[in-house]
Structures are given as C-alpha cells and as structure tokens.
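Undergrad: Provided herewith is a single structure, encoded as structure tokens, for subsequent inquiry.
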Amino acid sequence: MSDDALRPTPPPAAVTPAGKPPEGKVISQILSTVVFTFLAYLTIGIPLAVLPGYVHLDLGYSSFVAGLSISVQYLSTFITRAQAGRMVDTIGPKKTVIRGMLACIASGAFLVLAAWAVQLPWLSLCMILVSRFFLGIGESLVGTGAIIWGIGRIGANHTARMISWNGIATYGALAIGAPLGVALTQLFGFAAVGLTTLTLALIGYLLARPRASVPVIRGERLAFRLVLRRVLPYGLGLALGTIGFGAIATFITLYYASHQWSNAAFSLTLFGSFFIGSRLLFANTITRFGGFRVAIVSFLVEAVGLLILWLAASPEVAMVGASLAGFGFALVFPSLGVEAVGLVPAPNRGAALGAYSVFLDLALGITGPLAGLIVGQFGYDDVFLFAAIGALCAVALTLSLYRRERLTQTPV
C-alpha cells in the first residue's frame, strides 16, 4: 500500500534540474506521476470492502478463508518487493509501472471470472486467490516504479514531497474505492467490481505508455539482509502497529454486518481521510520532536481508536474509532522509519528502509488469517481488542528503544 515504495534512490545528475523549476511545474510533474499510484490503489480499494463478504456469505466459506483471500495480496507484495526494486534498477521505472498495470488488469479479469463462477464456489475462490496474487504484484511494481519515476522527473530535492503525495494518493484511493465497490456491487453485482478494476488499470496502462521515461538509475545493489538485524526491532514495532490497519481493512464490513449496522464502507473512508489529514498536518512533527516520540503518540492514538471499535455500541461510535485509528496509524511508518534508517551509514539507507518496509507487508499478510481465527473463537468485536493490544505492545517496544538511544547518547 503506498508506503511500500519509500525506498529513495537518488536520480542521476542528468535528470536533476540545474535551476529551481517553477512551483507549478513541480506540482504538475508530481500529480502526473502519482496518478498511477492512485489508479493502482483504486483497483485495490474497490474490492476491499466487498470481497470478504462475497467469500464468506455468497460462496459460503469461513471467516478464516475470507481473511486469507485478502491477505494473499499482501503476501504477494511481500514476495515480489525485492524483484520490483531490481526491475526499476534494470529496465527503468516507466516499464516497471507499465508491467504493474498489466498485472492489475489481470487481477480485474480474474475477478470477473470469479463472479461468473459463483455457482462453483471452489472455482470462484481459486479465481479470487489468483486475482489477489496478481494484484499484489501490481502493487509492488506500480508503487515502487511510480515513486522513483517521479523523483527522476522532478529531482532529488523534491523527494520528500513526492513521497508525501504518493502516500496521499495511496490512501485517498483506498478511501474512495471502498464505498465505490459497495455501490457497484449493490447496483450491478460483483462482476462490476472486476470490470471496473480492469478498466481503471487499462486506463493507467494507456496513460503510462506515452509518458517520457527517465534514465535507468545505476548503483550498488544492497542486500537488505545485511542491515536487517539493526532494523529488526523497529520493523517489529511497525508490524504491531499495522495489525490495526489490517484488521479494519479485512473485517470492518463483516463487523458492521454482525451488529446489523449500515455504512461500513464509510468507516474505511473515514480511516483513509483521517490518515491523509494526519500526514498533511503533522508530518513535520517527526523532524521537530523526533521519530520515537511521534511513534509513541501515534501508537497510543491508534490503540484508543481500536479500543473504541471494540466497545462501540453504535455505528457512529465505531466510525469515531476507525477515524482515530487512521489518524494514529498515519505517522507510524515514517516516524519509526526515520529512526531505523538513521542506524546505518548513508550508502546503506535505502537497504535499511527496504528491510524495514518488509514488516509492513508481513503484518498485513498475517493479520487476515489470524484475525479470522479470532473471529471464529470470540467474534468480530475481539479482533479490534487484539489489534489494540498489538498497538500497546508497540508503545512499550518503542519506549524501550527510545530509552536505549538516550542511554547510548548520555556521556559517561
């Protein structure tokens, strides 16, 4: 989702403007590149709110299988992340984005096949799993390629802005996609979800082909296993905080249905909207107060939101919980990421951020099936209690890392 593309690679001097480009041109170049991220994540967001219900209610499979159908995408992203980075380095970001859009087109096609095979639940489920696998590949390729394509076009001095807008495009698309998917299903049936995602990905493919490419970026390839040990505790904190997002994304619609509430998709919209608002308003607090402090506050806010979801007695209260969870989760990745990257020398920072990002994918891949097991034993409400406990554990872990850093900086 997004943040997984935050592996900065400086563009060569040839593509960095010698003078300061006009502000309007910079914004135009940023928007013309993040549009691919936006389209790719629309293809992710549109089925997100309806797919678990389709697998559980229409096909008749368990909540565990419903969670698994979502998590296949995250596992696919996890598996293909390193290959996406190598592809950007070897064939260039433009071709990487184009291939990612082709993968998203394939995902939409398999969703259409899944809808047509509804009378054969096992076949429909297989088509869904294949669709999710292709969607994970598309997320890796488009997410990684678009951010580096944009940096190559506007210059390294605008990297922070490119990353910021890429994240906004990611979660903005998820916020729009969820209610759109519900509306399409209600009006035209589940097949319309597949047709719409296929069409959006095709538009992205056609837009990308005539766009100017940037020179392939050459440089030393860093195996992130070399720095994995250093970033491990920071990645664990990220994973613990990501459980809440995974739980909301996977089970919020079934949670609402279990209480016979309406407007579940609007909760996903609120989550994404407050995520975007938090990034826009408070991203600078990381520089001002330090990553550890911001991460601790972010985890606490997320935990409060998840506890409200657990205890909610009405859909309106649940929406407040989802909003707070999104607001808190927004700064988790960048705040801990700043500290993780600072542990290694400058030539290895990209590898450190890449290794750190893996924990986001891993957490999203595991959360669906694990939360499905919790649903089977305790019910939908307790999924959010489980996620809140994860966020509170992240608070404790981050506090210990903060104290350790302060001790190492204290002169003897």
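The values are calculated or read from the model by the stated rules, or taken from the named source; none is laboratory data. In this text the structure is predicted, and so the values were computed from the model without any measurement. Positions of Cβ are backbone-derived with ideal geometry, glycine not excepted, and every protein chain shown enters the neighbour counts. Surface accessibility is based on the protein's heavy atoms, side chains included, excluding ligands, DNA and RNA. Shrake-Rupley method; radii C 1.70, N 1.55, O 1.52, S 1.80 Å.
Undergrad: Given the condition hydrophobic (A, V, I, L, M, F, W, C), buried (at least 19 other Cβ atoms within 10 Å of the Cβ) and at pLDDT below 80, answer yes or no: does some residue in the stretch 62-75 qualify?
TA: no
Undergrad: Let me ask something else. Could you grab me the full set of residues in the stretch 114-141 that are surrounded by fewer than 20 Cβ atoms within 10 Å (Cβ to Cβ) and closer than 30 Å to Ile91 by Cα? Break it down stepwise before answering.
TA: Start the filter on the stretch 114-141 by keeping residues that are surrounded by fewer than 20 Cβ atoms within 10 Å (Cβ to Cβ), which leaves 116-123, 126, 129-130.
Result: Leu129, Val130.
Undergrad: Would you pick out the residues in the stretch 310-333 that are open to solvent by 60 Å² or more (accessible area, probe 1.4 Å) and not in a helix (DSSP H, G or I)?
TA: Hit for the stretch 310-333 is Ala313, nothing else.
Undergrad: Here is a further query. Just checking, does the stretch 234-248 include any residue being of a type in the set (Phe, Trp, Tyr) and under 15 Å from Leu48 (Cβ atoms)? So that I can check it myself, show each step before the final result.
TA: In the first step, residues of the stretch 234-248 are kept if they are of a type in the set (Phe, Trp, Tyr); the result is 234, 245.
When the remaining residues are screened for being under 15 Å from Leu48 (Cβ atoms), the result is 245.
Yes, the stretch 234-248 contains a residue that is of a type in the set (Phe, Trp, Tyr) and under 15 Å from Leu48 (Cβ atoms).
Undergrad: Read through the list (1) assigned to a helix (DSSP H, G or I); (2) surrounded by fewer than 20 Cβ atoms within 10 Å (Cβ to Cβ); (3) among the aliphatic types (A, V, I, L, M), then give the number of the only condition that Ile151 fails.
TA: For Ile151, the failing item is (2).
Undergrad: Considering the stretch 1-50 alone, what residues qualify as being more than 18 Å from the chain's Cα centre (by Cα), outside any helix (DSSP H, G or I) and at pLDDT below 50?
TA: Across the stretch 1-50, the qualifying residues are Thr9, Pro10, Pro11, Pro12, Thr16, Pro17, Ala18.
Undergrad: Being assigned to a helix (DSSP H, G or I), farther than 16 Å from Asn166 by Cα and not aromatic (Phe, Trp, Tyr) is the filter here; which residues of the stretch 260-279 pass it?
TA: Ala264, Ala265, Ser267, Leu268, Thr269, Leu270
Undergrad: Would it be correct to say that Leu307 is more than 26 Å from Arg403 (Cβ to Cβ), aliphatic (A, V, I, L, M) and buried (at least 18 other Cβ atoms within 10 Å of the Cβ)?
TA: Criteria not met by Leu307.
Undergrad: Leu135 versus (1) more than 20 Å from Gly272 (Cβ to Cβ); (2) assigned to a helix (DSSP H, G or I): which is the lone unmet condition?
TA: (1)
Undergrad: Can you tell me how many residues in the stretch 94-111 are farther than 14 Å from Ser76 by Cα and hydroxyl-bearing (Ser, Thr, Tyr)?
TA: Here the count works out to 1.
Undergrad: Can you tell me how many residues within the stretch 90-113 are of a type in the set (Ser, Thr, Tyr) and surrounded by fewer than 23 Cβ atoms within 10 Å (Cβ to Cβ)? Break it down into steps so the answer makes sense when it comes.
TA: To start, the set of residues in the stretch 90-113 that are of a type in the set (Ser, Thr, Tyr) comprises 90, 96, 107.
If we keep only those that are surrounded by fewer than 23 Cβ atoms within 10 Å (Cβ to Cβ) too, we end up with 90.
Residues that pass the stated criteria total 1.
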